[in-house]
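What follows is a single structure, written as structure tokens, with notes after it.
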2 protein chains.
Amino acid sequence: MNHINFNNIGKICYGRGSYSQLGEILEPRRNDNKGYMVFVVDDYFEDKDFSIPAKGNDLVYYIDGSHEEPKTSLIDDLRDEILSTQGLPAGIVGIGGGSLMDIAKALSLMVTNEGSSVLYQGLNLIKKPGIYHVGVPTISGTGAECSMTAVLSGPEKKLGLKCEWTVFNQVVLDPDLTTTVPTDQWFYTGMDTFIHCIESATGIKYNAFSKAYGDQSLELCREVFLGENAGQNPENDEKLMLASLFGGLSLTYSEVGVCHALSYGLSYVFGTRHGYANCLAFNHLKDIYGEAVDEFHDMVVRFNINLPVNMSAGWTDEEITAMSEIAIRLEHMWNHAFGPGWKDKVDLEYIKGLYRRL
Amino acid sequence: MNHINFNNIGKICYGRGSYSQLGEILEPRRNDNKGYMVFVVDDYFEDKDFSIPAKGNDLVYYIDGSHEEPKTSLIDDLRDEILSTQGLPAGIVGIGGGSLMDIAKALSLMVTNEGSSVLYQGLNLIKKPGIYHVGVPTISGTGAECSMTAVLSGPEKKLGLKCEWTVFNQVVLDPDLTTTVPTDQWFYTGMDTFIHCIESATGIKYNAFSKAYGDQSLELCREVFLGENAGQNPENDEKLMLASLFGGLSLTYSEVGVCHALSYGLSYVFGTRHGYANCLAFNHLKDIYGEAVDEFHDMVVRFNINLPVNMSAGWTDEEITAMSEIAIRLEHMWNHAFGPGWKDKVDLEYIKGLYRRL
């Protein structure tokens with residue numbers, strides 16, 4: 001097929017307070033398979049006054065989502081534990097940031113696909129549809145709520161389980177869940193969608209579909225991070241949640257680029273969190289992304305964000321090489337950014353040079 | 001539920017030339033039920049060089065889509081014929097404008113729900129899920145490609161079959177299919193999405209979700225109908241197709257208003273086509289929709305569209321009353337436009353007054 005035939009999120013429940021409807025939404029699906037739900041929840045919520053609509057034999061796992069992308073070993077272990085104790089669940093519900101979204105998506109696939117998740121890192125390697133899965137994002141910007149990728153960090157690579165079954169059957173988009181996000185995390189994660197849209201727009205895969213979603217996402221980002229009422233407030237919580245969704249949908253027909261390639265290397269080698277790693281890289285890509293990098297700098301100033309400089313002085317050659325080797329494997333990103341002749345411009349030395357800017 | 005939990009279009013294949021992939025898209029679904037597809041196609045395409053990927057026992061119906069909304073009797077007759085000759089189809093594929101989209105959606109539901117479609121005109125009256133159905137719009141603006149309504153004209157009312165199963169499992173959005181639409185039809189149908197967005201934005205149900213989609217749709221409409229390169233051209237065919245989709249999605253969380261209520265009356269009594277009926281009404285609603293009506297007038301001038309004036313002088317009191325009685329039943333539209341106290345302002349006389357402006 002020349003044109004992607006993409007799988008949409010099955011159902012969307014949007015609105016402030018919509019989280020309270022989660023229990024009701026799950027009810028009709030509770031009798032599937034062994035009749036219980038698995039909730040994977042960011043452990044930030046463990047000691048908070050936060051109600052999870054678990055009942056009966058449901059399992060609730062609180063997971064630390066504050067590190068880099070989830071590891072394939074985490075998914076494999078969790079899958080084995082779930083299946084061996086109660087059999088195939090009726091569904092998986094992820095509540096949290098991008099890592100928790102990815103865990104929920106990956107688990108929903110790995111409960112029906114045998115062997116380690118390492119086997120399935122890549123495009124369309126998954127053999128069987130997964131089970132019903134629901135995403136409830138509690139921070140905005142990752143686009144993980146609509147993407148067909150569950151990004152995982154494996155022993156050899158950081159790469160997603162990417163197929164049409166990865167997409168959530170249901171998402172609940174409640175901007176009220178994002179009100180307590182600390183400012184720096186709010187900023188870095190929000191920049192993820194800003195950068196998605198810029199990268200989407202500056203490459204060969206960009207089309208009218210990507211542009212319609214991307215333009216609106218950028219407009220919302222500008223209001224949230226540079227507008228008259230910039231900052232964290234209920235109105236902007238709504239806008240940023242939609243910016244994240246639209247940024248993700250923009251990527252459906254397009255692709256990320258140089259910044260994400262560099263960011264993946266940083267996360268893999270140093271465990272740097274994705275949104276923050278993006279900001280570290282985007283900060284130094286003015287020659288590639290032009291005015292968007294100036295806009296980014298304005299946003300950084302507006303929210304007093306401290307981005308470290310001269311980090312690369314502390315990195316060994318081995319570390320820079322390791323990052324560059326991760327980055328150069330992401331051929332689809334380089335291809336999107338520079339076109340089919342990208343190898344004329346981009347080699348390991350070029351990428352090392354980009355890392356040395358940081 | 002306070003917040004709508006809406007069913008998305010299942011899969012979307014977007015892009016110029018994507019129609020050529022329709023056969024490939026249908027292939028995996030061909031073995032369902034009695035293993036044949038039903039194509040309902042606007043009869044405009046019957047004598048054109050237009051390839052329909054029918055095979056084997058597939059049925060192809062060419063249907064005149066140039067009148068008002070499809071009649072419940074058409075749906076009932078077609079359903080009876082299809083079921084009695086070959087049994088339950090694997091799927092229904094609609095190719096054409098809003099009417100053909102509605103026919104495909106309604107048929108997909110009525111092959112599994114007994115009795116006349118008249119029984120199901122309204123919200124959530126359909127009892128069983130329908131069958132797999134695919135929408136291929138060949139004109140942009142109706143939003144029928146994403147809505148949960150199949151609008152039908154019955155013996156007593158013009159009202160949709162509205163439920164989550166109405167939504168297409170698959171749409172193919174190929175802007176190249178819209179290149180041959182005559183200018184006036186292109187204009188009237190395009191205005192449908194412009195008016196959707198204006199009505200969506202000026203009522204009590206409007207929210208950030210509706211606004212994000214509606215703002216982008218309006219932006220695209222402005223480029224297509226008032227921009228530097230306004231008019232029918234390949235770039236604008238792409239933009240208008242997305243404007244239509246986004247306008248429809250804006251309505252998911254919002255509602256149409258006064259213009260659509262009046263338009264339904266016109267279509268019901270005089271058989272006026274939907275997009276044209278909208279334009280006839282919107283033309284005279286400056287006191288309600290303000291500057292948007294000025295913008296509409298600019299677009300009318302730009303494309304030399306002749307909208308009749310003083311039509312109401314030729315209407316009988318009975319006709320005006322009949323239209324008003326249709327319009328006033330659309331309580332959800334008046335409620336959205338004027339709020340829960342709408343009955344203080346809107347009664348049959350008020351609506352007759354609106355029709356007499358035309």
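The values are calculated or read from the model by the stated rules, or taken from the named source; none is laboratory data. Note that the coordinates shown come from a computational prediction; the quantities given were computed from them, not determined experimentally. Here the Cβ positions follow ideal geometry from the backbone for every residue, glycine too, while neighbour counts run over all protein chains shown. Just the protein is used for accessible areas: all its heavy atoms, side chains included, with ligands, DNA and RNA removed. Shrake-Rupley method; radii C 1.70, N 1.55, O 1.52, S 1.80 Å.
Of the solvent-accessible surface of region B:183-357, computed with a 1.4 Å probe and all protein chains present, 47% belongs to carbon and sulfur.
Counting only protein heavy atoms and a probe of 1.4 Å, the accessible surface of region A:35-83 is 46% carbon and sulfur. If you run the Gaussian network model on chain A, springs between alpha carbon atoms under 10 Å, then out of A:Asp192, A:Asp237, A:Asp294 the most flexible one is A:Asp294. Within chain B, DSSP assigns beta bridges of which about 15% are antiparallel (rounded to the nearest 5). About its Cα centre, the dipole of region A:183-357 is roughly 280 debye, where the only charges are +1 on Lys and Arg Cβ and -1 on Asp and Glu Cβ. Averaging Cα coordinates gives a centre for region B:307-341 and one for region B:210-224; these two points are 27 Å apart.
By DSSP, the beta bridges lying fully in the protein assembly as shown are antiparallel in about 25 percent of cases.
Bridgeable lysines around B:Lys343 (alpha carbons under 18 Å apart, same-chain partners fewer than 8 residues away excluded): B:Lys205, B:Lys352. Under a model in which nothing but the beta-carbon of Lys, Arg (+1) and Asp, Glu (-1) is charged, region A:137-266 shows a dipole of about 560 debye around its Cα centre.
Post the alpha-carbon centroid distance, region A:272-301 to region B:130-194, in whole angstrom. So the separation of the two Cα centres works out to 41 Å. In a reduced charge model with +1 at each Lys and Arg Cβ and -1 at each Asp and Glu Cβ, the protein assembly as shown shows a dipole moment near 940 debye about its Cα centre.
With a Cα cut-off of under 16 Å and a minimum spacing of 8 residues unless on different chains, the lysine pairs in region B:99-176 number 6.
May I ask you to list, by number, the DSSP H helices of chain B whose Cα span along the axis is at least 15 Å and whose average Kyte-Doolittle hydropathy reaches 1.0 or more? Span-like helices here: B:98-110, B:258-270.
Using C-alpha pairs under 8 Å with a sequence gap of at least 6, the mean separation divided by the residue count of chain B gives a relative contact order of 16 percent. Within straight-line reach of B:Lys11, meaning a Cα separation under 13 Å, sit the following aspartates and glutamates at least 8 residues removed in sequence or on another chain: A:Glu164, B:Glu145. By the scheme Lys and Arg +1, Asp and Glu -1, what is the net charge of all other residues having a beta-carbon under 12 Å from that of A:Arg356? With Lys, Arg at +1 and Asp, Glu at -1, the neighbours total -1.
Distance between the 7 Å Cα→Cβ label points at A:Val301 and B:Lys34: 7.1 nm. Placing dummy labels 7 Å off each Cα toward the beta-carbon, the span from A:Glu156 to B:Glu291 is 5.9 nm. Considering only A:Gly341, A:Leu280, A:Phe270, the residue lying farthest towards the positive end of the dipole of region A:183-357 is A:Gly341, judged by Cα position with unit charges set on Cβ.
Of the GluC sites (Glu not before Pro) found in region B:75-174, those in coil by DSSP whose Cβ has at most 15 other Cβ atoms within 10 Å are B:Glu114, B:Glu156. Shown for region B:216-240: residues covered by the partner protein chains by 30 Å² or more of accessible area relative to the chain by itself (probe radius 1.4 Å), namely B:Gln216. Result for chain A in a Gaussian network model with C-alpha springs under 10 Å: among A:Val293, A:Val224, A:Val346, the largest mean-square fluctuation is at A:Val346. Among the residues of B:200-208, the average count of other protein chain beta-carbon atoms within 10 Å of the residue beta-carbon is 2. For region B:183-357, the relative contact order is 28 percent, taking Cα pairs closer than 8 Å that sit 6 or more residues apart in sequence and dividing their mean separation by the residue count. Using a 1.4 Å probe over protein heavy atoms, the accessible area lost on pairing B with A, summed over both chains, comes to approximately 3100 Å². Taking a sphere under 14 Å around the Cβ of B:Thr179 and counting the other residues whose Cβ falls inside, with K and R at +1 and D and E at -1, yields a net charge of -3.
Pick from B:Asn310, B:Asn57, B:Asn169: which is most flexible by mean-square fluctuation in a GNM of chain B where alpha carbon atoms under 10 Å apart are linked? Most flexible of the set in this elastic network: B:Asn310.
DSSP bridge analysis restricted to region B:115-230 gives an antiparallel fraction near 55%, rounded to the nearest 5.
Extending 7 Å from the Cα toward the beta-carbon at both A:Thr316 and A:Leu226 defines two label points whose distance is 4.1 nm.
Per residue, the accessible area of the protein assembly as shown comes to 37 Å², computed with a 1.4 Å probe over protein heavy atoms only. Projecting the Cα atoms of A:Gly203, A:Ala144, A:Ala322 onto the dipole axis of chain A, where Lys and Arg carry +1 and Asp and Glu carry -1 at the beta carbon, places A:Gly203 farthest toward the positive end.
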